[in-house]
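Heads up, the thing below is written out as structure tokens.
The values are calculated or read from the model by the stated rules, or taken from the named source; none is laboratory data. Keep in mind it's a predicted model, so treat the numbers as computed, not measured. Every residue, glycine as well, gets a Cβ built from its backbone with ideal geometry; the counts of neighbours run over all protein chains shown. The protein model used for the area step is the full one, side chains on, heavy atoms only, and it has no ligands, DNA or RNA in it. Shrake-Rupley method; radii C 1.70, N 1.55, O 1.52, S 1.80 Å.
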Amino acid sequence: MTRQLHLNLFLMPRGHHESAWRHPRSAPESLTDLQLYAKAARIAEDARLDAVFLADALVAPASGGLVASGVLEPITLLSALAAVTDRIGLIGTASTTYSLPYTLARQFATLDHLSNGRAGWNIVTSWAPNAALNYGLDAEPSHGERYRMAADFMDAIDALWRSWPAEALLDDRAGGRYSDPSRIIPVNHRGPFHSTKGPLNVPGSPQSRPVYVQAGQSEDGRAFAAEWAEVIFTAHLGKDTAQGFYADIKARAAARGRRRDDVVVLPGISPAIGSTQAEADRVFEELDELTSPEIGLTRLTARFGGHDFSDVPLDRPLRVGDFPDPSAVEASKSRAMGIAGTALAEGLTMRQLLQKLAGARGHLAIAGTPERIADVIEDWFTSGAADGFNVMPPVIYEQLELFTAEVVPILQKRGLFRTEYTGHTLRDHFGLAPVAQYRALSAAG
Ligand SMILES: Cc1cc2nc3c(=O)[nH]c(=O)nc-3n(C[C@H](O)[C@H](O)[C@H](O)COP(=O)(O)O)c2cc1C
């Protein structure tokens, strides 16, 4: 079968631009209204997209002008979306730093049952500096420590999902046997951060576990992804760094005995679409007019772990000294490095940098006609930069509807994207081998 794109809807209520929530043409529903998410998910499903993805953060926004990336808790919301959709995948974010393996294992196994095998887990270590204070800690664990915690967390939760295979469920009314204890696998995990006896008390789900998604780009992040991730989200402002990341992550996975297709790499793209280039450009102009440098600086400070940029003049080219050493940033290390790198390489002023980030936070934000957007997607897909994209509409529903009605048909006509779902589970959509086969393969190494 010819290689085809994978496309997710990265669903931010009302859109991805930092001022989308106040755009006059954005979704009228409140950000806590299920109907907003249900309508967007159905638009994506009608276009046969692979999945809906919900991000999350465990802190309140630092400014009244900002909307949290997780207005509603993802797993709860996805369970509701499971009831109003049939085929589209449901990927939710949850933290390995501030969650407990047994609880999270129950939540995602339940979501996989309720959705008949459409669950995916975006595994994050939670970079937001103040999240620790919400979980009884005085300070955020360091970047390295968060990844060590994540490795132990994965060992525990993966064992829990293996502990009650579907075939152990008998539901034998006549014989009086609900499960076959001989098939239940003990866990008894004792790690440096987590201990859990097990077994899990939710029977094995259709996929056996959620699809493992991750989005780390630092050295620790890439090592973690090469070991665990099946789908890797990534953020790039240009194709060149995307190609570098793609080649590196595929090589790391291969070095662990995994096949190239066992790892699906999805950069983000935030397309502003118009019937002419000018009309498309106008979309970002309108959004930029609704935001301010103060809002942008608040977000930049968070990305750099609390560093205060307020003394940096807005309208002179940025210098190395304007940034803290990005490699010393304990928050979103790779994103900080990417942002500083681009700003200095392109000779941007602070105002220009904030405008560049306002659109999609370090992901590719691009304006154009449907043909132009399709050309960029095809170019990255065919030149070793992507296996598909996280689509990040700047404004919802308008730009989501334009993408699904105008760009997707072009990609389908070019034979680059499915016209029908061929499977039922999220693993099917991503072309991933069933977990049992996958485990046998990785065990064989
Ligand atoms: C598409 C995408 C989605 C992400 N979603 C979240 C999220 O919902 N919550 C979160 O805490 N971090 C999220 N992240 C951040 C990553 O989990 C990670 O912290 C970041 O990429 C920095 O990686 P590093 O620590 O390896 O440098 C996301 C990153 C990307 C590229």
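When the range 120-146 is filtered for residues that are part of a helix (DSSP H, G or I) and not aliphatic (A, V, I, L, M), the ones remaining, listed by number, are Asn134, His143, Gly144, Glu145, Arg146.
Of all residues in the range 187-221, those that are over 15 Å from the mean Cα position of the chain (by Cα) and within 12 Å of the ligand (Cβ to nearest atom) total 3.
Residues of the range 295-309 being in a loop (DSSP other than H, G, I, E, B) and touching a residue at least 12 places away in the same chain (Cβ under 8 Å), which ones? If the condition is that a residue be in a loop (DSSP other than H, G, I, E, B) and touching a residue at least 12 places away in the same chain (Cβ under 8 Å), then Phe304, Gly305, Gly306, His307, Phe309 are the ones that fit. The selection criterion, being more than 16 Å from the ligand (Cβ to nearest atom), at pLDDT 95 or above and open to solvent by 50 Å² or more (accessible area, probe 1.4 Å), does not hold for Asp261.
None of Val407, Val391 is within 22 Å of the chain's Cα centre (by Cα) and either within 16 Å of the ligand (Cβ to nearest atom) or surrounded by fewer than 21 Cβ atoms within 10 Å (Cβ to Cβ) (or both) except Val391.
Quick one: in the range 301-312, which of the residues that are open to solvent by less than 60 Å² (accessible area, probe 1.4 Å), of a type outside the set (Ser, Thr, Tyr) and away from the ligand (no atom under 15 Å from the Cβ) is nearest to Asn130 (Cα to Cα)? Residue satisfying both the conditions and the ranking: Gly306.
Sort out which residues of the range 220-244 are part of a helix (DSSP H, G or I) and open to solvent by 10 Å² or more (accessible area, probe 1.4 Å), and write them in order of number. Give the derivation first.
So the first thing to find is which residues in the range 220-244 are part of a helix (DSSP H, G or I), and the list is 220-228, 239-244.
Within the range 220-244, Asp220, Arg222, Ala223, Phe224, Glu227, Trp228, Lys239, Asp240, Thr241, Gln243, Gly244 qualify.
The helices (runs of 4 or more DSSP H) falling completely within the range 310-406 that include 1 or more residues that are under 28 Å from Gly65 (Cβ atoms) map to 333-345, 350-360, 398-402.
When you look at Glu286, is it charged (D, E, K, R), surrounded by fewer than 19 Cβ atoms within 10 Å (Cβ to Cβ) and either in contact (Cβ under 8 Å) with a residue 40 or more places away in the chain or more than 15 Å from the ligand (Cβ to nearest atom) (or both), yes or no? Before the answer, list the steps.
Details: charged (D, E, K, R): yes; surrounded by fewer than 19 Cβ atoms within 10 Å (Cβ to Cβ): yes; either in contact (Cβ under 8 Å) with a residue 40 or more places away in the chain or more than 15 Å from the ligand (Cβ to nearest atom) (or both): yes.
Yes, satisfied.
Of all residues in the range 378-388, count the ones that are under 14 Å from Leu9 (Cα atoms) and open to solvent by 10 Å² or more (accessible area, probe 1.4 Å).
Of the residues in that region, 0 qualify.
Scanning the range 79-109 for residues that are more than 13 Å from the ligand (Cβ to nearest atom), free of Cβ contacts under 8 Å to residues at least 60 places away in the same chain and more than 19 Å from Ala47 (Cβ to Cβ) yields Ser79, Ala80, Ala83, Thr103, Leu104, Gln107. Would the range 336-344 turn up any residue that is on the phi > 0 side of the Ramachandran plot, in contact (Cβ under 8 Å) with a residue 60 or more places away in the chain, surrounded by 15 or more Cβ atoms within 10 Å (Cβ to Cβ) and not aliphatic (A, V, I, L, M)? No. Here Gly136 meets the list (1) on the phi < 0 side of the Ramachandran plot; (2) surrounded by fewer than 14 Cβ atoms within 10 Å (Cβ to Cβ) almost entirely, failing just condition (1). Filtering the range 1-10 to residues that are of a type in the set (A, V, I, L, M, F, W, C) and either open to solvent by 10 Å² or more (accessible area, probe 1.4 Å) or closer than 25 Å to Leu357 by Cβ (or both) leaves Met1, Leu7, Leu9, Phe10.
Within the set Ala280, Ala272, Ala247, the sole residue that is touching a strand residue (DSSP E or B) at 6+ places or on another chain (Cβ under 6 Å), touching a residue at least 60 places away in the same chain (Cβ under 8 Å) and assigned to a helix (DSSP H, G or I) turns out to be Ala280. On the stretch given as the range 159-175, residues that are crowded, with 19+ Cβ neighbours inside 10 Å and among the charged types (D, E, K, R) total 1.
This table checks each residue for (1) free of Cβ contacts under 8 Å to residues at least 60 places away in the same chain; (2) open to solvent by 10 Å² or more (accessible area, probe 1.4 Å); (3) within 16 Å of the ligand (Cβ to nearest atom).
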position: Gly359; (1), (2), (3): no, no, yes
position: Val376; (1), (2), (3): no, yes, no
position: Gln399; (1), (2), (3): no, no, no
position: Phe403; (1), (2), (3): no, no, no
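Of the residues Arg183, Arg146, which single one is in contact with a helix residue (DSSP H, G or I) (Cβ under 7 Å, 6 or more places away or on another chain) and either surrounded by 13 or more Cβ atoms within 10 Å (Cβ to Cβ) or of a type in the set (Gly, Ala, Ser) (or both)?
Going through Arg183, Arg146 in turn, the sole match is Arg183.
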